[in-house]
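Note sheet for the following structure.
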Amino acid sequence: MVRIVVAGAVIREWGGANRVLLAQRAYPPHLAGLWELPGGKVEEGESPAQALERELREELEIEVVGGDRIGDAVPVGDDLELRAYRARWVAGEPVAVEHRALGWFDDAEVVRLADSGEMVPADVGWVRELVDLLRRP
Ligand code: CDP
């Protein structure tokens with residue numbers, strides 16, 4: 001059975017540019033140090049939006065509301081399917097509960113992370129759509 005993994009793009013205007021919140025993974029070893037849209041596996045009985053809201057509450061201590069899909073689903077191995085969503089920030093300042101670090105990245109910085117191999121491979125598939133969102137006024 002394929003498990004759905006949801007990942008959220010929280011976007012905020014800050015320092016004169018739109019920025020997306022990315023998180024640097026601490027595990028597993030082959031992904032440690034790489035940046036991702038934070039999220040996790042959908043549990044039984046949850047909608048993807050509920051899973052996203054729970055995961056960001058657990059991992060970042062922020063409250064969000066799950067929004068529109070971003071880009072296409074990305075298969076990871078034989079058993080995971082990743083989906084990205086907009087996540088509208090509601091409350092809380094992000095804290096790295098499970099991640100090594102957190103950062104707010106503008107369009108050029110997102111492209112640089114992807115090009116330099118510092119982004120989780122699956123998430124590179126969403127860079128074009130993320131950049132389009134970040135360049136919107
Ligand atoms: O915390 P949980 O086990 O629910 O999920 P996770 O470890 O955050 O994500 C499960 C797997 O999905 C990771 O090991 C990655 O392979 C993949 N993933 C990804 O490629 N990109 C993301 N933005 C989030 C997860």
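The values are calculated or read from the model by the stated rules, or taken from the named source; none is laboratory data. The shown structure was predicted, so the numbers you read here are calculated from the model rather than taken from an experiment. Cβ: placed from backbone, ideal geometry, glycine included. Neighbour counts: every protein chain shown. The protein model used for the area step is the full one, side chains on, heavy atoms only, and it has no ligands, DNA or RNA in it. Shrake-Rupley method; radii C 1.70, N 1.55, O 1.52, S 1.80 Å.
A few remarks follow.
- All positions within region 96-120 that are part of a loop (DSSP other than H, G, I, E, B) and either more than 16 Å from the ligand (Cβ to nearest atom) or at positive phi (or both): 106, 116, 117
- Cβ-Cβ under 8 Å pairs, at least 6 apart or on other chains, region 5-31 side closer than 19 Å to residue 104 by Cβ, far side modelled with pLDDT under 95: 18/136
- If you go through region 1-28 and pick out every residue that is exposed (fewer than 12 other Cβ atoms within 10 Å of the Cβ) and aliphatic (A, V, I, L, M), you end up with 1.
- Hey, residue 123 of a type outside the set (Lys, Arg), in a helix (DSSP H, G or I), open to solvent by 60 Å² or more (accessible area, probe 1.4 Å) and modelled with pLDDT of 95 or more or not: no
- Residue among 67, 40 that is away from the ligand (no atom under 15 Å from the Cβ), assigned to a strand (DSSP E or B) and either closer than 15 Å to residue 7 by Cα or open to solvent by 60 Å² or more (accessible area, probe 1.4 Å) (or both): 67
- Candidate set: region 12-37, residues that are among the charged types (D, E, K, R) and within 18 Å of residue 76 (Cβ to Cβ); chosen: the one farthest from the ligand (Cβ to nearest atom): 25
- Check on residue 74, within 15 Å of the ligand (Cβ to nearest atom), farther than 23 Å from residue 121 by Cα, assigned to a strand (DSSP E or B) and under 14 Å from the mean Cα position of the chain (by Cα): no
- Taking the conditions (1) within 27 Å of residue 14 (Cα to Cα); (2) hydrophobic (A, V, I, L, M, F, W, C); (3) under 12 Å from the mean Cα position of the chain (by Cα) in turn, residue 82 satisfies each one other than (1).
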